[in-house]
Amino acid sequence: MSNAPAEATTTEEMPVEEIDLGPANHVIDKYLTLPGNLMPVLQGIQDEYGYVPRPTIDLVAERLNVYPSQIFGVLTFYAQFHLKPRGRFIIRVCVGTACHVQGATRIVETFFEKLGIGHAETTPDLRYTFEKVACLGACGMAPLAMVNDDTFGKMTVQKVEEVVAEYNQRPMK
């Protein structure tokens with residue numbers, strides 16, 4: 001069973017968008033002769049675009065000689081892949097046992113209020129994506145939040161406001 005959020009169930013349900021396929025072609029060229037190249041190609045494409053756009057699925061299928069449905073199967077099986085644009089800043093709040101008993105629910109609700117989005121959602125300006133996660137592996141710092149690779153322990157409602165204010169000041173790129 002997949003840990004990936006249900007975003008679309010077939011490639012036909014994904015919106016077709018106009019994008020520059022140059023970066024995707026560069027990634028494919030890099031791994032073209034590597035046996036078992038599908039995973040590194042998809043990872044590279046996601047690194048370039050921040051997600052795996054529909055047109056790149058068709059390009060990969062054509063260039064690697066695999067069916068788009070096979071690619072889509074990989075993309076929906078692994079939680080690391082995303083089929084929709086994500087925010088520049090990925091906020092993760094631990095809701096595991098240690099964080100839960102230390103007030104993670106309050107922290108989650110405060111982020112929801114401050115950002116105007118819920119779990120697994122992205123702000124319209126693509127600044128933030130919010131995710132509740134089962135564990136971040138730092139129970140001694142509960143409740144815990146992360147923004148990209150930055151860790152914030154002993155979170156409080158006040159700290160949520162400070163974190164959002166700090167990242168609102170950061171550039172988008």
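Quick check on my filter: what residues within the range 26-48 are exposed (fewer than 13 other Cβ atoms within 10 Å of the Cβ) and either more than 28 Å from N148 (Cβ to Cβ) or among the hydroxyl-bearing types (S, T, Y) (or both)?
The answer is D29, L32, T33, L34, P35, G36.
Residues that are among the hydrophobic types (A, V, I, L, M, F, W, C) and crowded, with 17+ Cβ neighbours inside 10 Å: which strands (runs of 3 or more DSSP E) entirely in the range 119-159 hold 2 or more of them?
Here the list reads 145-147.
Tell me whether the range 115-138 contains one or more residues that are more than 18 Å from R88 (Cβ to Cβ) and in contact with a Ser or Thr (Cβ under 7 Å, 6 or more places away or on another chain).
yes
Kindly indicate whether F111 is assigned to a helix (DSSP H, G or I), open to solvent by less than 40 Å² (accessible area, probe 1.4 Å) and not aliphatic (A, V, I, L, M).
yes
The values are calculated or read from the model by the stated rules, or taken from the named source; none is laboratory data. None of these values were measured; they are calculated from a predicted model. As a convention, Cβ positions derive from the backbone with ideal geometry for all residues, glycine included, and neighbour counts pool all protein chains shown. Heads up: the accessible areas ignore ligands, DNA and RNA and are worked out on the full protein's heavy atoms, side chains in. Shrake-Rupley method; radii C 1.70, N 1.55, O 1.52, S 1.80 Å.
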